[in-house]
Amino acid sequence: MREKVKKSKGIMITERLEVTKENIAHAGEIIRSGGLVAFPTETVYGLGADALNAEAVSSVYRAKGRPSDNPMIVHIADCRSLPPLVAADTGAAAALRAALIEAFWPGPITFVFPKSEKVPLATTGGLETVAIRMPSSETARALIRAAGRPIAAPSANISGKPSPTTAADVLEDMDGRIDAVLLGENCKVGIESTVLDLTGSKPTILRPGYITVEMLEAVCHTEVAYDPSLFSSPNDEHFRPKAPGMKYRHYAPKAGVRIVEGSNAALYIEKLKLTEEKNGKKVAVLDYGDDSAGAARKFFSQLRECDRKGIDLILVRALDSDGFGFSVMNRMLKSAGYDVIHA
Ligand code: TXA
Ligand code: MG
């Protein structure tokens, strides 16, 4: 039925679904029949498909305009759903898994495990590992339960654009490309989950997020490493991130973005703004002081707002790069193509 609508009209009508019991059940049915539903999570909005249906997963890549070697995160609603998706583990590795899950799920962290046979290679971008997350958003978990299966979901943006943190952001990119969007809450965290690889000799952060290295080490009682690519830029010769998604240009608005760091940053930004405005440019300044949590919550949506206003240049004052600030700076640097001025 859904296929017929797509083919006969050429363009899809995207259903706008308020979060009600009936609509969640309907959205679950869409996922079960191979369709695509965008839904809120505590981090960013996801674009969901049946994680065990290779064809449904391929249509996510098409809707996003995303390279198909970029693996997806599989979302589950409860711990019972995990064992069928991952290869069994024993001894110390099993104890570490259990401790991390107990401490951080449901929540804004994704773990990478060796995958089981059940997970299609289409979902993992051809990898023998699978990234899994149990979101804390009640709406997200209600949808997963209604679908009755794990949901593969990348962020619900066109590939390369800032991740969506409101239902309006999702519609800006996905209206007419997907079956439905759940009009849920704005995202509380505002940047994507921490991705922690548990398949190597030590737990390794592939993408920094709300759950920081300090929080992880307190639970793991061992060193938690960072993927070395997090400290370099794609312009460096040795840039080879382990999370395939980290190699693409990301979070880029149409405007140019420049980061200004250092003790004279605020003053430098004021001067640069005046100079550029004299040259006829429309300039926006994003200065979050030392509020990393506020910056995370607002940054992506403010990039989108700047595009709607026709801003040419966005000047961003750098955050302190410790704790959660490191994770937010990772997104800011990517959006600026690593263009940083030291003032
Ligand atoms: O917060 C989030 O994680 C959001 C919400 C919707 O849950 N999802 C999200 O998905 O950010 P996406 O597809 O935009 O980013 C997934 C990241 C990519 O960098 C990808 O390369 C990495 O996770 N990833 C997925 N599976 C992996 C695997 N098996 N090994 C290494 N990295 C993996
Ligand atoms: Mg993404």
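Readers should treat all values here as calculations from the given coordinates under stated rules, not as data from a laboratory. Treat the numbers as computed from the prediction; the structure is a model and nothing was measured. Cβ atoms come from the backbone with ideal geometry, glycine included; neighbour counts cover every protein chain shown.
Quick notes on this one:
- Cβ-Cβ FRET estimate between E55 and E138, R0 fixed at 22 Å, reported to 0.05: 0.15
- Most mobile listed residue (M174, M12, M332) in the chain, GNM with C-alpha springs under 10 Å: M12
- Three-way shape call for region 174-258 based on the alpha-carbon gyration tensor, with the a/c threshold at 1.5: oblate
- For the residue pairs K278/K309; K188/K334; K202/K242; K64/K273; K282/K334, alpha carbon separations beyond 25 Å are given by K64/K273.
- Working note: Karplus 6.51/-1.76/1.60 with θ = phi - 60° gives region 252-265 the couplings 8, x, 6, 5, x, 10, 10, 9, 10, 10, x, 6, 9, 4 Hz, where Gly and Pro are set to x.
- Shape category assigned to the chain from the gyration tensor of Cα positions, a/c cut at 1.5: oblate
- Extension gain for I11 to E172 (0.36 nm times residue separation, less C-alpha to C-alpha distance): 56.4 nm.
- Which of R16, R317 has the fewest Cβ neighbours within 10 Å, and the rest in rising order: R16, R317
- Backbone N within region 69-106 under 14 Å of label point (7 Å from H221 Cα along the Cβ vector): 92-100
- Among the GluC sites (Glu not before Pro) in region 102-152, those placed in a DSSP loop whose Cβ has at most 10 other Cβ atoms within 10 Å are E117.
- 3J(HN,Hα) from dihedral phi, region 151-165, Karplus parametrisation 6.51/-1.76/1.60, rounded to Hz, x for glycine, proline: 10, 7, 8, x, 4, 8, 10, 5, 3, x, 8, x, 5, x, 10
- Förster radius 41 Å - calculated FRET efficiency between D339 and T20, Cβ distance, rounded to 0.05: 0.35
- Lys/Arg +1, Asp/Glu -1 at C-beta; the chain dipole; positive extreme among S229, A153, I76: A153
- By the rule of a C-alpha distance below 14 Å, with chain neighbours fewer than 8 residues away ignored, the aspartates and glutamates paired with K115 are D89, E128, D197.
- Filtered chymotrypsin sites (Phe, Trp or Tyr not before Pro), region 253-343: DSSP coil and at most 16 other beta carbons within 10 Å: Y338
- Listed residue (V170, W105, A266) projecting farthest to the positive dipole end of the chain, Cβ model: V170
- Cα gyration tensor shape of region 1-119, rounded if a/c is under 1.5, else prolate or oblate by comparing a/b with b/c: prolate
- Per-residue ³J(HN,Hα) for region 296-309, Karplus 6.51 cos²θ - 1.76 cosθ + 1.60, θ = phi - 60°, Hz, x for Gly and Pro: 4, 5, 9, 4, 4, 5, 6, 4, 5, 5, 4, 5, 4, 8
- Charge tally in the Cβ shell below 15 Å around A142, where Lys, Arg are +1 and Asp, Glu are -1, A142 excluded: -2
- A cut-off under 13 angstrom between Cβ atoms defines the neighbours of A87, and their net charge, with Lys, Arg +1 and Asp, Glu -1, is 0.
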